[in-house]
1. Within segment 28-49, take every residue that is part of a loop (DSSP other than H, G, I, E, B) and of a type outside the set (S, T, N, Q) and give me the one that is nearest to Lys87 (Cα to Cα).
2. Regarding segment 31-43, can at least one residue be identified that is more than 16 Å from the chain's Cα centre (by Cα) and over 18 Å from Val121 (Cα atoms)?
3. Residue under question is Phe68, and the condition is that it be in contact with a helix residue (DSSP H, G or I) (Cβ under 8 Å, 6 or more places away or on another chain) and surrounded by 15 or more Cβ atoms within 10 Å (Cβ to Cβ); does it hold?
4. Just need a number here: residues in segment 11-34 that are closer than 22 Å to Phe47 by Cβ and either of a type in the set (Phe, Trp, Tyr) or modelled with pLDDT of 95 or more (or both).
5. Just need a number here: residues in segment 102-123 that are hydrophobic (A, V, I, L, M, F, W, C) and either farther than 23 Å from Ile56 by Cα or free of Cβ contacts under 8 Å to residues at least 12 places away in the same chain (or both).
6. Among the listed residues Gly26, Gly15, identify the single one that is surrounded by 14 or more Cβ atoms within 10 Å (Cβ to Cβ) and at positive phi.
7. Based on this model, can you work out whether Ala50 counts as open to solvent by 50 Å² or more (accessible area, probe 1.4 Å) and in contact with a helix residue (DSSP H, G or I) (Cβ under 9 Å, 6 or more places away or on another chain)?
Amino acid sequence: QVQLVESGGGLVQAGGSLRLSCAASGRTFSSYAMGWFRQAPGKEREFVAAINWSGIRTTYADSVKGRFTISRDNAKKTLYLQMNSLKPEDTAVYYCAASAHAMGVIAPSYDYWGQGTQVTVSS
């Protein structure tokens, strides 16, 4: 089992940057594929990015490709999301998630979730 805690959210102007972190507890962080999802008010949770257990493979939603970068440090048991060129439409609560199986792009692929961190981008 793994517990996840996100941090790094906040208020930023359009065009700015933020880096989200997701700290994991437990001994087996390196065996999990990890993902970032987000949920805006009144909308369903949507996929943002995912990374495999080793960090070699990544995938992104089209809406963030070229602007966001997912990475992980297995020694520190931490997942990151570097967000550049932020837009108002990126405003949402961002969640990290862990999958014991595969690097998925849908929420049911993931077994464990953090509590979320708010990102607000002003225009």
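1. Looking at residues that are part of a loop (DSSP other than H, G, I, E, B) and of a type outside the set (S, T, N, Q), I get Ala40.
2. Looking through segment 31-43, at least one residue is more than 16 Å from the chain's Cα centre (by Cα) and over 18 Å from Val121 (Cα atoms).
3. Answer is no for this residue.
4. Count: 13.
5. Result for segment 102-123: 2.
6. Gly26
7. no
The rows are residues; the columns are (1) charged (D, E, K, R); (2) closer than 23 Å to Val121 by Cβ.
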{"residue": "Gly26", "(1), (2)": "no, no"}
{"residue": "Val48", "(1), (2)": "no, yes"}
{"residue": "Asp62", "(1), (2)": "yes, yes"}
{"residue": "Lys65", "(1), (2)": "yes, yes"}
{"residue": "Lys76", "(1), (2)": "yes, no"}
{"residue": "Leu79", "(1), (2)": "no, yes"}
{"residue": "Met83", "(1), (2)": "no, yes"}
{"residue": "Thr91", "(1), (2)": "no, yes"}
{"residue": "His101", "(1), (2)": "no, no"}
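The values are calculated or read from the model by the stated rules, or taken from the named source; none is laboratory data. All of these numbers come straight from a predicted model, not from anything done at the bench. Using ideal geometry, Cβ is built from the backbone for each residue, glycine included, and neighbour counts are taken over all protein chains shown. With ligands, DNA and RNA removed, areas are computed over all heavy atoms of the protein, side chains included. Shrake-Rupley method; radii C 1.70, N 1.55, O 1.52, S 1.80 Å.
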